[in-house]
Every structure is written in C-alpha cells, then in structure tokens.
Ligand SMILES: [Zn+2]
Ligand SMILES: [Zn+2]
C-alpha cells in the first residue's frame, strides 16, 4: 500500500473549459492557471497580496493570445472550489477588463492578459467594497 493520499491542495478545474488548472508560482505565491485558455484563478487574499507586493505579473499571465478560446459570454461559469455561480464584474475605470467572482469563497477568475492590465490599477479597494471586508 503506497502512502500517497496526500492532496494538500486539490486540483481546480477551469470554469471556462474544465481543464485541470496548473499550479503556477507567482512570486512567493501559488496560483491556479488553465493551460488551455490561460485563465487564472485567485483567492481574494492571494490577489490582494500579489497586487500589494507588485509581483511581476508577466511571470504568470501568459497574455491574451488564447483569449479567443474563452466561453461564450452568456455561459454560466461556476466556482471551481464550491460550484457556486460566478458573477460578472467589470471595472468602472477600465471597462474592457471583466472578471468573474464567487460571492461564497471570494475567488476571482481572470482571463489571460487581464491580470497584466488590472495590475496597473488596483482593484482591491473595489473588491473590498464589494465584499464589505
Ligand atoms: Zn480554461
Ligand atoms: Zn467559490
């Protein structure tokens, strides 16, 4: 019997296409990224820390080349952690940036390329207001 039931951090599935997401190092943090569409899943706390510490997002955001593989706009995506429906959020100041968020666990799904954009403009305050943190 092998002693291999260690699953400290279970594999998330991409809300867009169901691909198993990869663990990617972002500075000192580990985030989940989809190898198919490039979407990135953050815990809200992770996102706050990454933005606060100015982790160079180019290291993990592989850019917008894969963006066209994203699901149709109207398709309901669900949280990879708790299967709650994700809600669409767009940034008032950067309306081209849209992301999905889970109101249950506070996770945030961003499309490839958008993290680079959003890193130039802190979304944290808005998220805080949204979740009333
Ligand atoms: Zn994906
Ligand atoms: Zn969730």
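The values are calculated or read from the model by the stated rules, or taken from the named source; none is laboratory data. Please read all numbers here as calculations on a predicted model, not as lab measurements. Here the Cβ is made from the backbone with ideal geometry for all residues, glycine too, and neighbour counts use every protein chain on show.
Scan segment 72-98 for residues that are at pLDDT 90 or above, within 15 Å of ligand 1 (Cβ to nearest atom) and outside any strand (DSSP E or B) and jot them down.
Of everything in segment 72-98, those that are at pLDDT 90 or above, within 15 Å of ligand 1 (Cβ to nearest atom) and outside any strand (DSSP E or B) turn out to be 77, 79, 80, 86.
I'd like to know if segment 11-28 contains one or more residues that are modelled with pLDDT under 75 and either out of contact with any strand residue (DSSP E or B) (no Cβ under 9 Å at 6 or more places or on another chain) or surrounded by fewer than 17 Cβ atoms within 10 Å (Cβ to Cβ) (or both).
no
Of the residues that sit in segment 99-132 and are farther than 17 Å from residue 51 by Cα and at pLDDT below 85, which one is surrounded by the most Cβ atoms within 10 Å (Cβ to Cβ)?
Checked segment 99-132; the qualifying residue surrounded by the most Cβ atoms within 10 Å (Cβ to Cβ) is 130.
For segment 11-35, which positions are within 10 Å of ligand 1 (Cβ to nearest atom) and in a loop (DSSP other than H, G, I, E, B)?
14, 15, 16, 17, 18, 19, 21, 34, 35
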